[in-house]
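Readers should treat all values here as calculations from the given coordinates under stated rules, not as data from a laboratory. Being a predicted model, the structure only gives us computed values, none of them experimental. Here the Cβ is made from the backbone with ideal geometry for all residues, glycine too, and neighbour counts use every protein chain on show.
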């Protein structure tokens, strides 16, 4: 493929490929880092996203492999951070490198051809692919804070417009970009807030102390202070983050009773663990007017809460890396709570970034996360962008209470 930016024309071929691969990866990832540093600009995001796609369609095969590897690092360098809490910090760079290889292969599928229209079709097909069931590489996400929409039909029109512009040799190529007008998203109506006074609690407890038995009473007391404050302020629902009570809460009847007593004044939704018949669940507990409802997590984190491999390999990995702990179990369907007549879909961390939790397009989702596993990093930023992506696609308002990254309503309805 004989395309080079003018700056690179006199450089050695391998150096051209290196620079074009790096440039592609930077443009493809720029929107995440702009958001992380609070520099988001819709016009810049729109331009960088379009140019990133152009480069993916036309750069050389070697440059594509470089781009895929660097994209994997820029998006997921933080994945291995959790291994620090299993006394395996040496795994962190290996995990990061591994994700670079995974996305080298992922985007490397584009390098199987030089034909622009086949690359465009392949890129669209990749929007349905999730390596190892980890779905955070949503290619349309590059448009989430841009002037373009994030729907599949909009993405395929964008790819068609770019393919025609780059492939055709006649004057029609100059009209092809007009197709982009149909994908603009100037008039999108934002979702509405729930008719319920909701208090989102943001905690900031480091992961290395969160599960220490010596910290249990302190953390529990802090949670009750936040609940009591929400009662004083007249809220109807208070939402605490994932695993706010860092324990199997159903093993602590005194704490459960104290939460039940307060639930006559305010509904309380909090994250914790639940043990049932020897099985472990990551759950949300709803305390409302003395009643308790438990929502088990439906979508587990691949390689975090379960191993998406055959049984014998699951056992080996759990014994080697997780001290023999077994995988968490999951619910078969999402859970909806009804508080003061308002239905609220429950979501725990990772599942708030999957389409499964938005089935039937719930109007309101209450999500909770513990991002202390991965901070400081871009993980909370990428998570928030993915939630915004699904919120837009499903016309849903998401209330997100987190530990270590701040709580917010997504999309930001104050704008």
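Remarks
- Acute angle (nearest 10 degrees) that the helix 91-108 long axis makes with the longest principal axis of the chain, alpha-carbon atoms: 50
- The mean sequence distance of close C-alpha pairs (under 8 Å, at least 6 residues apart), as a share of the length of the range 225-310, puts its relative contact order at 24 percent.
- 19 Å cut-off, amide nitrogen to a point 7 angstrom out along residue 192 Cα→Cβ, residues in the range 388-404: 391-399
- Rg(Cα) / (2.2 N^0.38 Å) computed for the range 26-65, rounded to two decimals: 1.28
- Bridge type composition, the range 136-279 - antiparallel percent by DSSP, nearest 5: 20
- Between helix 13-36 and the chain: long-axis angle, C-alpha atoms, 0 to 90°, nearest 10: 30
- Beta bridges per DSSP with both ends in the chain, % antiparallel, nearest 5: 55
- Summary value for the chain: 14 percent relative contact order, contacts being C-alpha pairs under 8 angstrom separated by 6+ residues.
- Of the residues 62, 119, 291, 173, the one with the fewest other Cβ atoms within 10 Å heads the list, and the complete ranking is 291, 173, 62, 119.
- The slack between residue 202 and residue 109, meaning 0.36 nm per residue of separation minus the straight C-alpha distance, is 29.3 nm.
- Residue of 88, 368, 298 that the Gaussian network model of the chain assigns the largest fluctuation, springs spanning Cα pairs under 10 Å: 88
- Here percent of Cα pairs over 37 Å apart was calculated from the structure, and among [x] 18; [y] 44; [z] 29 it sits at label [z].
- The calculated pair-distance distribution of the range 198-410 uses every alpha carbon pair, bins of 10 angstrom beginning at 0, and gives 8, 34, 38, 17, 2, 0 percent.
- Computed from Cα positions, the angle between helix 61-76 and the longest principal axis of the chain comes to roughly 20 degrees.
- Efficiency of FRET between residue 412 and residue 289 - r from beta-carbon atoms, R0 25 angstrom, step 0.05: 0.20
- Cβ-Cβ FRET estimate between residue 15 and residue 265, R0 fixed at 56 Å, reported to 0.05: 0.25
- Part-to-part distance (alpha-carbon centres) for the range 250-266 and the range 326-387, which is given in Å: 23
- Working from Cα pairs under 8 Å separated by at least six residues, relative contact order for the range 6-183 is 21 percent.
- Neighbour-count ranking [beta-carbon atoms within 10 angstrom, fewest first] of 358, 133: 133, 358
- GNM result for the chain, Cα springs below 10 Å: residue of 363, 192, 383 fluctuating most strongly: 192
- Backbone N atoms of the range 387-407 closer than 18 Å to the 7 Å Cα→Cβ label point of residue 336 belong to residues 391, 394-399.
- Candidates 108, 149, 278, ranked by Gaussian network fluctuation over the chain, Cα under 10 Å, top entry: 278
- What separates the Cα centres of the range 234-249 and the range 109-168 is a distance of 39 Å.
- Here the calculated FRET efficiency for residue 252 and residue 356, from their Cβ-Cβ distance with R0 = 30 Å, stands at 0.45, rounded to the nearest 0.05.
- Least to most buried among 232, 84 (fewest other Cβ within 10 Å first): 232, 84
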